[in-house]
1. Any idea which residue in region 171-209 is surrounded by the fewest Cβ atoms within 10 Å (Cβ to Cβ), counting only those that are among the aliphatic types (A, V, I, L, M) and part of a loop (DSSP other than H, G, I, E, B)?
2. Scanning for something over 26 Å from L292 (Cβ atoms), under 25 Å from the mean Cα position of the chain (by Cα) and of a type outside the set (S, T, N, Q), does region 333-351 turn up at least one residue?
3. Being modelled with pLDDT of 95 or more and in a loop (DSSP other than H, G, I, E, B) narrows it down to one residue among E98, E105; which is it?
4. Pairs please, first residue from region 202-213 and at pLDDT 90 or above, second anywhere and among the charged types (D, E, K, R), Cβ atoms under 6 Å, 6+ apart in sequence or on different chains.
5. Taking the condition of being surrounded by fewer than 13 Cβ atoms within 10 Å (Cβ to Cβ) and either touching a residue at least 40 places away in the same chain (Cβ under 8 Å) or in contact with a Ser or Thr (Cβ under 6 Å, 6 or more places away or on another chain) (or both), how many residues in region 53-77 meet it?
6. I need a count of the residues in region 118-143 that are over 21 Å from P85 (Cα atoms), surrounded by fewer than 23 Cβ atoms within 10 Å (Cβ to Cβ) and touching a residue at least 40 places away in the same chain (Cβ under 8 Å).
7. Please count how many residues of region 259-310 are among the charged types (D, E, K, R) and not in a helix (DSSP H, G or I).
8. Consider A42 against the criteria (1) among the hydrophobic types (A, V, I, L, M, F, W, C); (2) modelled with pLDDT of 75 or more; (3) surrounded by 15 or more Cβ atoms within 10 Å (Cβ to Cβ): it satisfies all of them except one. Which criterion is unmet?
Amino acid sequence: MAQTESSGVAGRRQLGIKFLASLVFTVVLLEIALRLVGFAPAAPPPVIADLGGLPIRELVDHAHRSKWIHEPSSREPMNLQGEHPDVTLVRNWCGCREDDETPVEKLAGVQRIVVLGDSHTDGIVANRDSYANVLERSLGAGHDVVNCGQGVTSPYQQLWIYRVLYSRFEPDRLVVGFYAGNDLVELTRQHDRIHLEWDGRRFVHCQPTRRPDVTMEWYGTGPFLRRHLATVHVLQRIGWIGPPSRPVRARRDARFNERIQSARDRFPAATWQGLGQAHFFKHFPDEWDNALAMLRHVVKRFQQESPGGDIVFAVIPTLRQLHPEVVGDAAEVLELEGQDLECDDRVCEAMLAICRESDVEAIDLRPAMRRETTALFWDFDHHINVAGHRVIARELESHMNR
């Protein structure tokens, strides 16, 4: 009897070994077949050293094709609403919001300041009215302030753009506009942009996932598998499997989707420029610490990349922080109240604290902008208007003079 049981165990073991061997063989065949028909593992992130060898104009073209910057040498008319003047967004040869062509080499005796940021820095104003260009005129001769702002970007994207491209302009100082209304939540977006991921030890640069998901996933084996196995990469691309997570993040629930879509349809400006971020962190509170960890990483890397550590962050408030009444019915649609509506101020305080602990200069623009009696934001999309850009330029000039 014992011999019969032993024989049965051995048979099951052999069967298991054969099954595993056939499974491995099938996966290897599938991997070979996918590579033969043109699929490949996820491309590793570009090496900055390799990009550094490109001629500057080829690098600009590469940055545009990679969607890191907007189209160079372009003119984008914007038909603004109401009584506001129409604006044409003009970009020069390197994608900067400048009317004149920016020379790569600065003139002797000229201090060059590169300004980075999202659409509030990029500006929904004529180039001459952006705070970068107003600052240049205020500082006077011997200063060249270049507006390298890029709308619809996260702070990490701005860091990457600077490291890869705009550091070639060899600035003496960096100014980075940080917008309290959505820059923190933008760090968690993965599907449509380069972003940061945690590999178990540190943050690493990753390409867009192409899978819409507003939550962030932290994982250690995911990047390795995607870069080395075409099978894993293809299955993730078509959505059959998700990356292994640590821990697994909750997907967007139906109520979150329903509320955010309704708010965007009815109140797009308020939603995009602040309330959407508040809604996100209300539904996914554990993402707050994750986003702050990424922001802390970005601030420190900016400090390391800046010329001699000469960098200042301009912390730009939202229209809602100046005039809470503009929230209106949008907050009801998103079911935001009390502490939820303090999200923008929490973001400001968090950013200022990160800068202090990193020994990085930062300007809190809330007091100066709250003192103004004139409107500082366009009412139709809640971006900074001409008067708002002047206030920011004035505060930056005052800070630099001190």
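The values are calculated or read from the model by the stated rules, or taken from the named source; none is laboratory data. Keep in mind that what you see is a predicted model, and the values were worked out from it rather than measured. Here the Cβ is made from the backbone with ideal geometry for all residues, glycine too, and neighbour counts use every protein chain on show.
1. The selected residue is I194.
2. For region 333-351, residues over 26 Å from L292 (Cβ atoms), under 25 Å from the mean Cα position of the chain (by Cα) and of a type outside the set (S, T, N, Q): absent.
3. E98
4. V204/E197; C206/E197
5. Residues meeting the conditions: 2.
6. Going through region 118-143 one residue at a time, the tally reaches 2.
7. Total meeting the criteria: 2.
8. (2)
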